[in-house]
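Peer 1: Please read through the structure below; I'll follow up with questions.
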Amino acid sequence: MYPQVELHIAGKWRGAASGETMDIINPATGDAIGALPVATIADLDEALEAAGKGFATWRAIGAFDRYKIMRKAAELLRERAETIAAIMTTEQGKPLAEALMETRGAADTIDWFAEEARRAYGRIVPARASDVMQMVIKEPVGPVAAFTPWNFPINQAVRKVSGALAAGCSVVLKGPEDTPGSCAELIKAFNDAGVPDNVLNLVFGNPAQISEYLIPHPVIRKISFTGSTAIGKQLAALAGAHMKRVTMELGGHAPSIVFKDANLEKALKVLSANKYRNAGQVCVSPTRFLVHESVFDKFVDEFVTISKNLNVGDGHDPKTSMGPLAHSRRIDAMESFVADAEAKGAELRTGGKRIGNRGYFFEPTVFTNLPMDSRIMNEEPFGPIAAIQKFSDDEEAFAEANRLPYGLAAYAYTESGTTARALAERVESGMISINHHGIALPETPFGGVKDSGYGSEGGLEAIEAYLNTKFVTKSGL
Ligand code: NAD
């Protein structure tokens with residue numbers, strides 16, 4: 001059963017002031033499964049007023065009590081994981097096992113932020129004069145406007161909401177219109193755990209209208225956005241014009257380098273699984289495969305075999321290993337990447353087509369010998385297309401890894417400690433995972449450099465994003 005999804009404003013679940021709705025679509029069938037309220041400016045005004053009040057309430061609650069409420073929310077999420085995962089699969093398409101992992105992982109994220117906020121220590125700086133005390137204290141930055149996308153409807157939201165709540169901030173979250181139900185369940189878990197009314201507000205609607213209204217609004221002190229680089233640049237510019245603090249988690253095009261001394265079996269297994277996870281709609285998905293010429297043919301042959309053997313189907317079917325794309329826009333994008341690559345003379349090794357005409361299924365697709373000006377070599381595919389290129393000299397691989405303006409994730413397989421060290425030092429990315437897939441844990445930094453954005457959504461840095469640093473100095477007291 002798919003739930004009735006509503007806005008959550010000032011502690012109430014309700015429709016939009018105008019009564020306007022948009023369809024929610026099941027990507028496995030293309031059928032409408034619900035009607036999502038479209039927030040109006042009047043709804044946003046109420047959410048902003050609530051966030052202002054909620055900030056005063058929530059920051060006054062000590063870190064220890066905030067921790068207890070958040071830990072309860074994590075427990076509720078664990079208890080409800082199966083129901084929530086089913087909602088996610090219905091609206092987003094990913095296999096149920098992936099949806100379950102995402103929901104349970106979100107509970108771990110809440111726990112981590114809740115615990116870490118109790119350690120948002122300040123410090124005492126030794127003073128030059130004997131009667132002076134110099135203190136550095138941390139304060140919540142204020143009400144947060146957060147914007148999260150449809151590829152991980154819970155995970156993208158929980159990182160922002162947990163960081164903000166842990167620090168003592170209130171939130172207006174614009175959730176993903178394509179996949180709103182599971183995101184709303186996350187907010188319900190926080191409310192049921194005791195987050196007071198006004199602190200956590202959830203809206204859906206026209207993304208451009210909402211961001212243009214929320215970002216400049218004087219109540220909002222911090223912006224956090226996950227989505228494409230193009231939109232991120234627009235929102236960062238708007239935030240800059242209003243001097244708002246910003247975290248930007250944007251697109252990537254992860255170089256995935258397989259050196260001649262790699263453990264090929266492991267590289268194939270881990271890279272292919274992560275390439276097709278969530279049908280490739282992952283900002284840290286391995287996407288530009290750079291494989292040494294000595295192992296290239298074997299790597300490609302086996303990658304193609306793995307791709308052909310994937311079970312593409314409805315995420316609710318336990319046999320499914322890859323679900324549909326999340327919406328029809330991704331089908332259009334895949335078809336256009338394929339047409340461009342073929343027109344430019346790339347070699348299509350498998351896939352390349354939409355499957356059927358019901359739902360948004362697309363074949364796992366592998367290209368080799370791509371001209372450097374093909375779009376797939378330059379733009380984030382965000383779908384089940386793997387681009388596999390050959391290199392002969394390691395320097396070529398380093399140069400290709402750093403060629404694009406993106407700098408989010410990178411992967412490499414090598415048995416050489418010297419090469420691993422060179423990778424760590426020379427690859428221009430916010431994260432690099434060598435000989436395994438170890439990215440996106442709550443306790444480790446998560447974020448990009450260059451056009452992939454700035455700020456972090458994991459580790460100590462993620463809490464800092466929601467804290468101001470204040471210096472207090474006093475004399476003679
Ligand atoms: P899109 O760029 O229009 O939207 C991406 C996300 O940004 C959506 O959640 C959308 O609601 C939001 N958005 C769009 N315009 C906005 C605005 N003016 N203000 C606030 N939010 C806005 O495209 P799409 O078709 O939804 O997704 C396509 C591209 O988005 C992908 O190719 C990928 O690069 C990127 N994307 C990235 C992530 C990520 O995890 N970094 C997630 C989803 C999509």
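The values are calculated or read from the model by the stated rules, or taken from the named source; none is laboratory data. All values reported here derive from a predicted model rather than from experimental measurement. Backbone-built Cβ (ideal geometry, glycine too); neighbour counts: all protein chains shown.
Peer 1: Pick out the one residue from Ala236, Ala273 that is outside any strand (DSSP E or B), among the hydrophobic types (A, V, I, L, M, F, W, C) and either crowded, with 16+ Cβ neighbours inside 10 Å or within 12 Å of the ligand (Cβ to nearest atom) (or both). Write out each step before concluding.
Peer 2: Working: Ala273 fails: either crowded, with 16+ Cβ neighbours inside 10 Å or within 12 Å of the ligand (Cβ to nearest atom) (or both).
Matching residue, one of Ala236, Ala273: Ala236.
Let's see how each residue does on (1) more than 16 Å from the ligand (Cβ to nearest atom); (2) closer than 30 Å to Thr90 by Cβ; (3) touching a residue at least 24 places away in the same chain (Cβ under 8 Å); (4) crowded, with 23+ Cβ neighbours inside 10 Å:
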site: Ala117; (1), (2), (3), (4): yes, no, yes, yes
site: Ile124; (1), (2), (3), (4): yes, no, no, no
site: Asp131; (1), (2), (3), (4): yes, no, yes, no
site: Ile154; (1), (2), (3), (4): no, yes, yes, yes
site: Ala157; (1), (2), (3), (4): no, yes, yes, yes
site: Cys169; (1), (2), (3), (4): yes, no, yes, yes
site: Gly194; (1), (2), (3), (4): yes, yes, yes, no
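Peer 1: crowded, with 17+ Cβ neighbours inside 10 Å, assigned to a helix (DSSP H, G or I) and out of contact with any strand residue (DSSP E or B) (no Cβ under 8 Å at 6 or more places or on another chain), is that true of Ala74?
Peer 2: Values: crowded, with 17+ Cβ neighbours inside 10 Å: yes; assigned to a helix (DSSP H, G or I): yes; out of contact with any strand residue (DSSP E or B) (no Cβ under 8 Å at 6 or more places or on another chain): yes.
Yes.
Peer 1: Inside segment 197-213, can you point out the residues that are of a type in the set (A, V, I, L, M), near the ligand (Cβ under 9 Å from one of its atoms) and closer than 13 Å to Thr148 by Cβ?
Peer 2: Of all residues in segment 197-213, those of a type in the set (A, V, I, L, M) come to 199-200, 202-203, 208, 210.
Remaining after also requiring near the ligand (Cβ under 9 Å from one of its atoms): 208, 210.
Of everything in segment 197-213, just one residue is of a type in the set (A, V, I, L, M), near the ligand (Cβ under 9 Å from one of its atoms) and closer than 13 Å to Thr148 by Cβ, namely Ile210.
Peer 1: Right, here's the next one. Restricting to segment 291-321, what's the tally of residues that are assigned to a helix (DSSP H, G or I), of a type outside the set (Val, Ile, Thr) and buried (at least 16 other Cβ atoms within 10 Å of the Cβ)? Full working, then the answer.
Peer 2: From segment 291-321, those assigned to a helix (DSSP H, G or I) are 293-308; that's our starting set.
Retained after the next criterion (residues that are of a type outside the set (Val, Ile, Thr)): 293-294, 296-299, 301-303, 307-308.
Still in the list and also buried (at least 16 other Cβ atoms within 10 Å of the Cβ): 296, 299, 302-303, 307.
Looking only at that region, the number is 5.
Peer 1: Which ones in segment 322-349 are surrounded by fewer than 24 Cβ atoms within 10 Å (Cβ to Cβ), part of a loop (DSSP other than H, G, I, E, B) and in contact with an Asp or Glu (Cβ under 8 Å, 6 or more places away or on another chain)?
Peer 2: His327, Lys344
Peer 1: Need at least 2 residues that are at pLDDT 95 or above, at negative phi and surrounded by 23 or more Cβ atoms within 10 Å (Cβ to Cβ) per element, so show me which strands (runs of 3 or more DSSP E) inside segment 369-477 make the cut, counting only ones lying wholly within it. If you could, list the steps in order and put the result at the bottom.
Peer 2: Values: elements: 385-391, 409-413, 431-434, 467-475.
The strands (runs of 3 or more DSSP E) meeting that bar are 385-391, 409-413.
Peer 1: Something else about it: Just checking, does segment 172-182 include any residue being away from the ligand (no atom under 16 Å from the Cβ) and touching a residue at least 60 places away in the same chain (Cβ under 8 Å)? Show your work before the answer.
Peer 2: Quick first cut of segment 172-182, residues away from the ligand (no atom under 16 Å from the Cβ) only: none.
Looking through segment 172-182, none of the residues is away from the ligand (no atom under 16 Å from the Cβ) and touching a residue at least 60 places away in the same chain (Cβ under 8 Å).
Peer 1: In segment 11-53, how many residues are over 11 Å from Val203 (Cα atoms) and either of a type in the set (Phe, Trp, Tyr) or assigned to a loop (DSSP other than H, G, I, E, B) (or both)?
Peer 2: 11
Peer 1: Return the pairs, sorted by first residue and then second, in which the second residue is of a type in the set (D, E, K, R) and not in a loop (DSSP other than H, G, I, E, B), the first residue lies in segment 237-252 and is over 27 Å from Val282 (Cα atoms), the beta carbons are less than 8 Å apart, and the residues are 6+ apart or on different chains.
Peer 2: Lys244/Lys222
Peer 1: Also: Tally up the residues in segment 214-233 that are buried (at least 21 other Cβ atoms within 10 Å of the Cβ), in a loop (DSSP other than H, G, I, E, B) and within 11 Å of the ligand (Cβ to nearest atom), please.
Peer 2: Looking only at that region, the number is 2.
Peer 1: Right, another one. Any idea which of Pro286, Pro255, Pro218 is without any contact (Cβ under 8 Å) to a residue 12 or more places away in the chain and of a type outside the set (D, E, K, R)? Let's see the steps before the verdict.
Peer 2: On the way: Pro286 fails: without any contact (Cβ under 8 Å) to a residue 12 or more places away in the chain; Pro255 fails: without any contact (Cβ under 8 Å) to a residue 12 or more places away in the chain.
Just a single option satisfies the conditions, and that option is Pro218.
Peer 1: Moving on. Run down Tyr411, Tyr406 and say which single residue is away from the ligand (no atom under 16 Å from the Cβ), of a type outside the set (Gly, Ala, Ser) and closer than 19 Å to Ser452 by Cα. Spell out how you get there, then give the answer.
Peer 2: Values: Tyr406 fails: away from the ligand (no atom under 16 Å from the Cβ).
None of the other options fit; the residue is Tyr411.
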